[in-house]
Amino acid sequence: MLTIAVSKGRIYLEALPLLAEAGIVPSVDPDKSRKLILPTNRDDVQLVVIRAADVPTYVEYGAADLGIAGKDVLVEYEGEGLYEPLDLGIARCRLMTAGPPGRPTASRRLRVATKYVNTAKRFFARRGVQAEVIKLYGSMELAPLVGLADCIVDLVDTGNTLRANGLAPQELIMDISSRLVVNKAAMKMKHGPITELAGHLARIVSARA
Ligand code: ADP
Ligand code: PRP
Ligand code: MG
């Protein structure tokens, strides 16, 4: 059995057509069912549907053989037990700093609100900026509006969320897309089926490019 960890929402929706082209079709819709293990048309493949930030944990511990996770989540996770063989090119966006327009970021000790605490600390340390990083779990764009932070580190796609809250993008930290990740032990024990699926996905992704 191959177990693939995917998060509900954006990644699941964008991964579905890729998986379908690779011959894997879930037989249950996670939005209509409370089931967390989704069987598929293939007896030897199942999906587990979890929070995006939990995907690396399931894969590192071998609870899932494979996973689909955003680069933002993988960089923040800082794990070592994962192979990352393929950029799937889905759920593309940018990890950026953002804040009220016209306010310089590097003057004094900055307060930064984000769910990407490790990544934000590393980014500001590298530029020699003293930053106090405040952990949030969502709606980061609110923090500068109510005086919780000077700026945020968050994902930007269309820029609509920033604009709607009167914020401006500042610096690009990294371009983001979702990656296929593989448990290291599974890569040995289930080498055949995993390399076959990864190869199939790689061909689909490069045909799209
Ligand atoms: P969460 O509940 O963790 O916010 P999402 O489904 O919103 O879950 O995000 C899952 C992943 O999708 C993120 O880790 C990121 O890689 C990507 N992503 C998030 N927001 C966007 C966006 N606005 N546009 C494109 N990709 C995004
Ligand atoms: C994500 C991200 C930004 C927004 C960026 O939020 O955290 O807030 O998308 O996209 P945009 O530039 O196109 O506006 P999401 O929609 O995932 O909301 P949630 O994570 O708070 O549920
Ligand atoms: Mg989100």
* Looking at G99, is it more than 14 Å from the chain's Cα centre (by Cα), within 30 Å of L2 (Cα to Cα), at pLDDT 95 or above and away from ligand 3 (no atom under 15 Å from the Cβ)? -> no
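When you go through D31, D43 one by one, which is the residue that is within 22 Å of A186 (Cβ to Cβ), outside any strand (DSSP E or B), of a type outside the set (K, R) and open to solvent by 60 Å² or more (accessible area, probe 1.4 Å)?
D43
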* To do: For A91, state whether it is among the small types (G, A, S) and surrounded by fewer than 19 Cβ atoms within 10 Å (Cβ to Cβ).
  => no
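In region 136-184, which residues are under 22 Å from the mean Cα position of the chain (by Cα), of a type in the set (G, A, S) and open to solvent by 60 Å² or more (accessible area, probe 1.4 Å)? Full working, then the answer.
Keep residues of region 136-184 that are under 22 Å from the mean Cα position of the chain (by Cα), which gives 136-143, 151-162, 169-184.
Filter again for of a type in the set (G, A, S), leaving 138-139, 143, 159, 177-178.
Once the filter is applied, which keeps residues that are under 22 Å from the mean Cα position of the chain (by Cα), of a type in the set (G, A, S) and open to solvent by 60 Å² or more (accessible area, probe 1.4 Å), region 136-184 yields only S139.
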* Structure fact -> Residue pairs qualifying under the 6 Å Cβ cut-off, at least six apart or on distinct chains, with the first in region 11-34 being over 18 Å from E196 (Cβ atoms) and the second being open to solvent by 30 Å² or more (accessible area, probe 1.4 Å), are S27/P39; V28/K35; P30/K8
* Wholly within region 101-209, which strands (runs of 3 or more DSSP E) include no fewer than the required count, namely at least 3 residues that are of a type outside the set (G, A, S) and within 30 Å of R42 (Cα to Cα)? -> 178-183
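Considering only region 152-209, state which residues are among the basic types (K, R) and more than 30 Å from R111 (Cβ to Cβ). Talk me through it step by step, then tell me what you get.
First, the residues of region 152-209 that are among the basic types (K, R): 163, 179, 184, 188, 190, 203, 208.
Answer for region 152-209, where residues must be among the basic types (K, R) and more than 30 Å from R111 (Cβ to Cβ): R179, K184, K188, K190, R203, R208.
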* Hey, any hits in region 104-120 for a residue that's on the phi > 0 side of the Ramachandran plot, at pLDDT below 95 and surrounded by fewer than 17 Cβ atoms within 10 Å (Cβ to Cβ)? -> no
* Within region 3-15, identify whether any single residue is under 23 Å from the mean Cα position of the chain (by Cα), modelled with pLDDT under 95, loosely packed, with under 12 Cβ neighbours inside 10 Å and within 16 Å of ligand 2 (Cβ to nearest atom), and answer yes or no. => no
* Asked: Residue check, R51 against (1) in contact with a Gly (Cβ under 9 Å, 6 or more places away or on another chain); (2) within 15 Å of ligand 1 (Cβ to nearest atom); (3) not small (G, A, S), all met but one. Which one?
  -> (1)
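Can we say V55 is within 16 Å of ligand 3 (Cβ to nearest atom), surrounded by 12 or more Cβ atoms within 10 Å (Cβ to Cβ) and assigned to a helix (DSSP H, G or I)?
Spelling it out, V55 is indeed within 16 Å of ligand 3 (Cβ to nearest atom), surrounded by 12 or more Cβ atoms within 10 Å (Cβ to Cβ) and assigned to a helix (DSSP H, G or I).
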* Could you list, in sequence order, the residues of region 59-88 that are closer than 17 Å to L36 by Cβ and surrounded by fewer than 23 Cβ atoms within 10 Å (Cβ to Cβ)? -> Y61, A63
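The values are calculated or read from the model by the stated rules, or taken from the named source; none is laboratory data. Remember, it's a predicted structure, so these values are computed and weren't measured experimentally. Positions of Cβ are generated from backbone atoms using ideal geometry, with glycine treated the same way; all protein chains shown enter the neighbour counts. Note: areas computed on protein heavy atoms with side chains; ligands, DNA, RNA excluded. Shrake-Rupley method; radii C 1.70, N 1.55, O 1.52, S 1.80 Å.
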